[in-house]
Amino acid sequence: DIWDPERLLQCPYNKHHQIRACRFPYHLVKCRKSYPEVAKNLATCPFNARHLVHHAELRDHIMKCNDKEFIEQDIVNQSSGFQREEMNAVGTWQPPPCGEDWD
């Protein structure tokens, strides 16, 4: 189960490190400092900061990244929600009562 916080993930800095998913972000920060030479060769996925791949593989990873779908769907949901809010705002606006008497 990809949502299981206890599942083990392999550290991109040291392949011998198996880290629980719930601790993975903290481990990445620690290992990045411990392995600066390895860190220079890794790029961060724009869709999920937990995905670290070699610079040469980043383009391929971006094309195949499963998290890209979540981001794209979120963008679609936000833009359609914005359009609905905009339409509702235009349709429900009433001018304030005028207190002036021009006669």
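The values are calculated or read from the model by the stated rules, or taken from the named source; none is laboratory data. In this text the structure is predicted, and so the values were computed from the model without any measurement. Please note: Cβ atoms are built from the backbone with ideal geometry, for glycine as well, and neighbour counts cover all protein chains shown. The protein model used for the area step is the full one, side chains on, heavy atoms only, and it has no ligands, DNA or RNA in it. Shrake-Rupley method; radii C 1.70, N 1.55, O 1.52, S 1.80 Å.
At-a-glance table
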read-out	value
Flag for residue 72 being within 24 Å of residue 4 (Cα to Cα) and of a type in the set (D, E, K, R)	yes
Members of segment 22-59 that are of a type in the set (Phe, Trp, Tyr) and under 25 Å from residue 3 (Cβ atoms)	24, 26, 47
Flag if residue 88 is of a type in the set (S, T, N, Q), at pLDDT 95 or above and open to solvent by 80 Å² or more (accessible area, probe 1.4 Å)	no
Subset of segment 26-61 [part of a helix (DSSP H, G or I) and in contact with a helix residue (DSSP H, G or I) (Cβ under 7 Å, 6 or more places away or on another chain)]	32, 39
Filtered residues of segment 5-33 (kept if exposed (fewer than 11 other Cβ atoms within 10 Å of the Cβ) and in contact (Cβ under 8 Å) with a residue 12 or more places away in the chain)	5, 6
